[in-house]
Amino acid sequence: MKRRLFLQTTAVSCALAAAKPADIFSTDLKEETTLVTPPAFELDELTITELQQGLKSGKYSSRSLVEKYVARIDDIDKKGPVLNSIIEINPEAEAIATALDRERKEKGARGPLHGIPILIKDNIDTADRMMTTAGSLALVGSKPHRDAFVAGKLRDAGAIILGKTNLSEWANFRSNHSSSGWSGRGGQTKNPYALDRNPCGSSSGSGAAPSANLCAAAIGTETDGSVVCPSSANSLVGIKPTVGLVSRAGIIPIAHSQDTAGPMARTVADAAIMLGVMTGEDPRDGTTRASRGKSYTDYTMFLDKNGLKGTRLGVARKYFGFNDRVDKLMNDLLAEMKSLGATLVDPADIPTSGKFDDSELEVLLYEFKADLNTYLAGLGPQAPVRSLKEIITFNEQHREREMPFFGQDLFIKAEEKGPLTSKKYIQALRKNHLLSRAQGIDLVMTKNRLDALIAPTGGPAWPTDWINGDHFTGGYSSASAVAGYPHITLPAGYVFGMPVGISFFGGAYSEPKLIKIAYAFEQATKARRPPKFSTSADIN
């Protein structure tokens, strides 16, 4: 299976999705963008810790942070560069912020996220005045009766859900010919580093928005590459956790064997703060039981500037070689890691790489049909659509709005699949786990006594192409995704002004070790630079 199936999906430009459903259906497909150099923004690149310090000192209130971010969204996301990364603003955000300001004065802060505005992907349920649609017009008006576990944990921590981010529709599992960052409801998300280039998907809005400083941090979801690729393409830190570390309850699914939510932020420390808030056992997601004794509510304890010293890192060379400039950047960084005390095993390739592509797709098609139908049934009788079959019919009936650039071949293939008791499904899932785990990541790590493996996450983003779809050139995500193992990407540098990410990945529940390594790398390189909203990549 090609990684692009999960990473990408096509394009347009649209208004804020707080609009009425009738307005959403009537939006113009033509994109009219007046480029304006964004004004200076006082919250640019401020970390969660720095924002929290400002709240504590009285320099900011949570209400003022919400107002500043909403104004910035209007300046950059809906005007000027028109990033189109946010599909809906929470109409209750200011009221929530005011209540949290009052609570801070009366009781103190709940923790590091108290009063901090964050964004979440539009496939994560919220029981409020926002919709949860996976970017599809078929789910316009859908308002779940309870928060997703992740959304509830963020609220309990005092985070302000400022709004929902645009995404590749249905988390990029509708067509094999999609263009990342496009949804029927939200239009096309752009890359803030070069507006004609792709933000990668499916968590495209959750990549572009925090990179452009439209929020403190964001939550994305991944089946294969959809946290790490947009993080790489937008110069962010993205953590794809071990499957089961974070509950999937209340998240519109693709496949339960690979799905997970994960934090996307501008620094490793911020991503670690977010991850700690998201963990925990959840009766609605039995997979989380396996995280007992292996999860933490505070991953910042693993932030160590000397975290590379004494580590053994394997270089997964099979994922190099797709871009000469990316290779040079990576090789320079490998030399720097050695100077910081790491021992490199080079090469340390996953021997089964590429051998489970077909079985991965087979599993996802079976699980998508079963899991999506279960999710839709859980919405109750008020659900706009109640099955994958009804969504396929809806898309055909609204072809001009939903399928102007690409179709729904993956939907049709999934609908043809039988139940999860099918022999083909069981055999494919067994093959996936055998090749990606025991004969894959686990084997190479045990053989070479490794703490983590290294690969380029991806190359410079490709130009958005609504006619031909995505042009993914290379990088890493699939072995960790299929195994259900953790994967962290963070900024490595820039090629022609476009971000390139570096991946650290390992065995199940190795998040503490990966965070330690990633933080040491980040502190030594300080690679991230904020975007300049250029019209195209700098090829001079």
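Quick notes on this one:
- By the Kirkwood approach, averaging reciprocal distances over each pair of separate Cα atoms, the chain gets a hydrodynamic radius of 22.6 Å.
- Take the chain with all the other protein chains still there, run a 1.4 Å probe, and you get 35 Å² of accessible area per residue.
- Size-normalised alpha-carbon gyration radius of region 328-380, reference 2.2 N^0.38 Å: 2.10
- Mean separation of Cα contacts under 8 Å, 6 or more apart, over the residue count of the chain: relative contact order %: 18 percent
- Remark on region 207-257: ratio of C-alpha radius of gyration to 2.2 N^0.38 Å is 1.19.
- Per-residue ellipticity at 222 nm computed for the chain from its helices equals -9500 deg cm²/dmol, with DSSP H segments shorter than 4 residues left out and the rest contributing -39,500 (n - 2.57).
- Think of the chain as a dipole: +1 on every Lys or Arg Cβ, -1 on every Asp or Glu Cβ, centred on the Cα centre; then among S477, P530, N448, N448 lies furthest on the positive end.
- Pairs spanning more than 27 Å between alpha-carbon atoms, out of K369/K423; K305/K328; K164/K240; K309/K431; K105/K532: K309/K431; K105/K532.
- Cα centre as origin, Lys/Arg/Asp/Glu Cβ charges: region 288-331 dipole, Debye: 200 debye
- Centroid-to-centroid separation of region 351-366 and region 467-540 [C-alpha atoms, Å]: 23 Å
- Computed magnitude of the charge dipole of region 416-540 (debye, nearest 20; Cβ of K, R +1, Cβ of D, E -1): 460 debye
- Scattering from region 35-185 was approximated by placing one identical point on each alpha carbon and applying the Debye formula without solvent; log10 I(q)/I(0) at 0.11 1/Å stands at -0.47.
- Directionally averaged projected area (region 379-440, Cα convex hull): 6.7 nm².
- On the principal axes of its alpha carbon atoms, region 280-374 extends 50, 37, 22 Å, with the longest extent given first.
- Convex hull volume of region 398-540 per residue (C-alpha atoms, cubic angstrom): 176 Å³
- Residue among A269, S387, L361 farthest towards the positive dipole end of region 261-388, charges placed on Cβ: A269
The values are calculated or read from the model by the stated rules, or taken from the named source; none is laboratory data. Computed from a predicted structure; not experimentally measured. For neighbour counting, all protein chains shown are included, and Cβ atoms are generated from backbone atoms with ideal geometry for every residue, glycine included. Areas reflect the complete protein model, heavy atoms only, side chains present, ligands, DNA and RNA absent. Shrake-Rupley method; radii C 1.70, N 1.55, O 1.52, S 1.80 Å.
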